[in-house]
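Have a look at the structure below before the remarks.
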Amino acid sequence: MSPAAPNAGGKSSSDVTDGSVAAVFPTVREVLALDPVRHGAPRVVAGDEGLDRPVRWVHVAEVPDIATLLGGGELVLTTGIGLPGDDAGLRAFIGDLADVGVSGLVVELGRRYVSGVPRVMAAAAERRGLPLVELRRATPFVRITEAVHALIVDAQLTELRATEEIHQRFNDLSVEGADATEVIRQAAELSGCPVVLENLSRQVLGYDPAGESAELLLDGWEQHSRRIRPAGRTAYDPDSGWLVTTVGARGQDWGRLLLRWPASGDVPSAQAIEPTVGPPTRLTILIERAASTLALGRLIRRDAEGLERQIHRTLLTALLDHSRPVDEVGLRAKALGVVLDRRHLVGVMVRHRADDPAGEVGPEAGQARLRDLSEAVGQALREAKLTALTSAVDDHSVGALLALPDPAAEDRALSAFASALRRVRLDAGTGRAGLGVEPARAASGVDVARSASDSSRAALGADPSRAAFGVDPSRAGFGVEAAWSGVGVDPLRGAGPGAVIVAAGSGVSTLREARRSLVEARQIAEAARRDRRDLPIFRLPHVGLAGLLHLLRDEPRLQTFVERELGALLEYDARHPRERLLDTLRAYLEQGRNKSAGAAAAHLSRPAFYERLARIARILDVDLDSVEASLSLHVALLALEAVRTP
């Protein structure tokens, strides 16, 4: 046997200290369990704490100076016939083997040593932690080397197949544009180890506990993470047991991906002896491929919302549609820096009044408008110093779940948020008119001056109570006013194309009730689209009858009521579309049953209007002069509009 033969994987002997050793190569303990070794009746006489050392190769030696030909990691087999005869020589022999880093020494009894190895040899091996094994029966060494080398080759082939699967799996994920959650899940599945993705502030963006306790994994994460400081972009921290790689591309790092090895958190005994021993090479390849997939996905989505915002959206959506357990949502939010436990929670929805404003055509424009609104909401929350989960929750709305210290802070927090949102949208220039005049300026060019206080009012020209185009700043609310060029419409309120509705649900005390607050806020926002009042925050008492009917629009009994009251008229209009009797009825009722005003609103002569009302009365078999009948029909009309509104 060549004294310096390379291993089957083509590694040099210096690889004994590489992190791949522990997993690719069998340990001394595993070698002793092989049938050819067991045939020799092995007995460990010293260094049993080193039995988990990896065996890189098996070497047969019968000369005392063999250490100079070894590179470390070898299991040395000998009969002892060439070993020194004096105690000092045996101590030096054991010392040389330990210094070079061999895995162990196996001595076959019968030729040099009959009853056992010399005590001085056992004492020296015990002192150096070197496994020393006696074979009490004669055993052909070739069978041992064949068995061990076959084990090494099989392990390396398994490692190679695993590496190929890693490359293929993450190639597929990159091509499919998988999100961070899926990449992390696949990394945990392939490794069998917990995986955590964090940002540069040590906040958890995603994780997979690989079957372990998520609570224990993330408990005190930021403090724990800051103690994990390996050298290099990808390195193993043996003190904590975490394999870490930096995530980023084009010189812009934005996070770290961490994999805990071993998954049990227990450091193997071999690692205690050889601190440089770490996870197998395939795990290093895996975490680097996962990191590159995450970085590539971020580059592809660089114009879309950030990863933190994606996590916010995932958690808010999970609360709304029950796609994840509430406890998991709370845990992930806490790891992201948003504590929802033991907080007063308030659902908020912000949306534009109009789904498709004039001048905006195509889905790209709508997405850009929603993205701008989402960014404005996020900035307003930061300015108001509020903690919240926030993101777009559908094609038109941006949601936020405020986490407040107590119920007493609710009104104050909502007021601060609405005021901050107004300022953010003003500063962003969302209310610019067609002439391109800044919304913070009146037509006369007088700047709107804001004080540092939230309750400050804008100074608009000589008369602080009026803007140049007749906008009354006293209606601005929350102490922020501005003069709007050209159109005179506030982008946060009013009926203009940039008008925004802010709706808040009822506050709740637990995360399990948060869905009710969010759903209520979304329903209020939808109902408020019919309301033209200038309210900074819409709450449930503000929505009125039309809002109530909108909230109940999916209720079968309401739909049955509409059909009972208006079904015959709807069928008549379907057969005679030019007459539009439903619009005639609406004009009559909206004008307080004033027939002259109704005729004017319907653009009909009074005789024609009266004739149509008579026809409606016959079709519906009702007395339109009856207050009770007219009230029922008016409610049915409002309910019909609510049912038809998406």
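The values are calculated or read from the model by the stated rules, or taken from the named source; none is laboratory data. Small disclaimer: the values here were computed from a predicted structure and weren't measured. For neighbour counting, all protein chains shown are included, and Cβ atoms are generated from backbone atoms with ideal geometry for every residue, glycine included. Remember, those area values only see protein heavy atoms, side chains included, never the ligands or the DNA or RNA. Shrake-Rupley method; radii C 1.70, N 1.55, O 1.52, S 1.80 Å.
Miscellaneous remarks
- Test: Arg533 is free of Cβ contacts under 8 Å to residues at least 40 places away in the same chain and closer than 20 Å to Leu421 by Cα: yes
- Tallying residues that are modelled with pLDDT under 80, open to solvent by less than 70 Å² (accessible area, probe 1.4 Å) and part of a loop (DSSP other than H, G, I, E, B) within the stretch 530-563 yields 4.
- Pairs where the first residue, in the stretch 23-48, is at positive phi and the second is among the hydrophobic types (A, V, I, L, M, F, W, C), C-beta under 8 Å, 6+ apart: Ala41/Leu135; Gly47/Ala125; Gly47/Leu130; Gly47/Leu132
- For the residues Ala162, Ala187, the requirement of being assigned to a helix (DSSP H, G or I), modelled with pLDDT under 80 and touching a helix residue (DSSP H, G or I) at 6+ places or on another chain (Cβ under 8 Å) singles out Ala162.
- Top-ranked residue in the stretch 71-99 [being open to solvent by 20 Å² or more (accessible area, probe 1.4 Å) and assigned to a loop (DSSP other than H, G, I, E, B); ranked as nearest to Ala138 (Cα to Cα)]: Ile81
- Qualifying residue in the stretch 611-620 (condition: within 24 Å of Pro556 (Cβ to Cβ) and either modelled with pLDDT of 90 or more or touching a Phe, Trp or Tyr at 6+ places or on another chain (Cβ under 6 Å) (or both)): yes
- Each residue in the stretch 564-584 was checked for being part of a helix (DSSP H, G or I) and either in contact with a His (Cβ under 7 Å, 6 or more places away or on another chain) or exposed (fewer than 13 other Cβ atoms within 10 Å of the Cβ) (or both), and 4 of them qualify.
- Condition check for Ser201: in contact (Cβ under 8 Å) with a residue 24 or more places away in the chain, closer than 22 Å to Gln310 by Cα and in a loop (DSSP other than H, G, I, E, B): yes
- The residues of the stretch 25-68 that are more than 11 Å from Val133 (Cα to Cα), in a loop (DSSP other than H, G, I, E, B) and either among the small types (Gly, Ala, Ser) or open to solvent by less than 20 Å² (accessible area, probe 1.4 Å) (or both), listed by number, are Phe25, Pro26, Ala33, Val55, Arg56, Ala61.
Per-residue answers, yes or no, for (1) within 30 Å of Gly80 (Cα to Cα); (2) open to solvent by 30 Å² or more (accessible area, probe 1.4 Å); (3) more than 47 Å from the chain's Cα centre (by Cα):
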| position | (1), (2), (3) |
| --- | --- |
| Leu132 | yes, no, yes |
| Thr139 | yes, no, yes |
| Ile152 | yes, no, no |
| Arg161 | no, yes, no |
| Arg169 | no, yes, no |
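- Looking only at residues of the stretch 386-423 that are part of a helix (DSSP H, G or I) and in contact with a Phe, Trp or Tyr (Cβ under 8 Å, 6 or more places away or on another chain), we find that the one that is most open to solvent (accessible area, probe 1.4 Å) is Ser415.
- Residues (within 16 Å of Val393 (Cα to Cα) and open to solvent by 10 Å² or more (accessible area, probe 1.4 Å)) located in the stretch 320-331: Leu320, Asp321, His322, Ser323, Arg324
- Hey, Ile144 assigned to a helix (DSSP H, G or I), open to solvent by less than 10 Å² (accessible area, probe 1.4 Å) and under 26 Å from Ala33 (Cβ atoms) or not: yes
- Evaluation of Leu340 against (1) in a loop (DSSP other than H, G, I, E, B); (2) open to solvent by 10 Å² or more (accessible area, probe 1.4 Å); (3) more than 28 Å from Asp253 (Cβ to Cβ); (4) of a type in the set (A, V, I, L, M, F, W, C) (one fails), failing number: (2)
- Restricting the stretch 244-263 to residues that are more than 22 Å from Ala214 (Cα to Cα) and assigned to a strand (DSSP E or B) leaves a set whose member that is modelled with the lowest pLDDT is Ala249.
- If you go through the stretch 321-371 and keep only what is at pLDDT 90 or above and over 24 Å from Thr181 (Cβ atoms), you end up with Arg342, Arg343, His344, Val346, Val348, Met349, Val350, Arg351.
- If only residues of the stretch 114-130 that are at pLDDT 90 or above and part of a loop (DSSP other than H, G, I, E, B) are counted, the one that is nearest to Asp87 (Cα to Cα) is Pro118.
- Residues of the stretch 101-124 include at least one that is within 52 Å of the chain's Cα centre (by Cα) and over 18 Å from Glu30 (Cβ atoms).
- Test result for Glu108, closer than 20 Å to Asp52 by Cβ, surrounded by 17 or more Cβ atoms within 10 Å (Cβ to Cβ) and acidic (Asp, Glu): no
Let's see how each residue does on (1) free of Cβ contacts under 8 Å to residues at least 24 places away in the same chain; (2) under 27 Å from His550 (Cα atoms); (3) open to solvent by 70 Å² or more (accessible area, probe 1.4 Å):
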residue	(1), (2), (3)
Gln591	yes, yes, yes
Ala599	yes, no, no
Leu604	yes, no, no
Glu611	yes, no, yes
Arg618	yes, no, yes
Val622	yes, yes, no
Ser632	no, yes, no
Val635	no, yes, no
Leu640	no, yes, no
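- Of all residues in the stretch 100-113, exactly one satisfies the criterion of being among the β-branched types (Val, Ile, Thr) and assigned to a loop (DSSP other than H, G, I, E, B), namely Val102.
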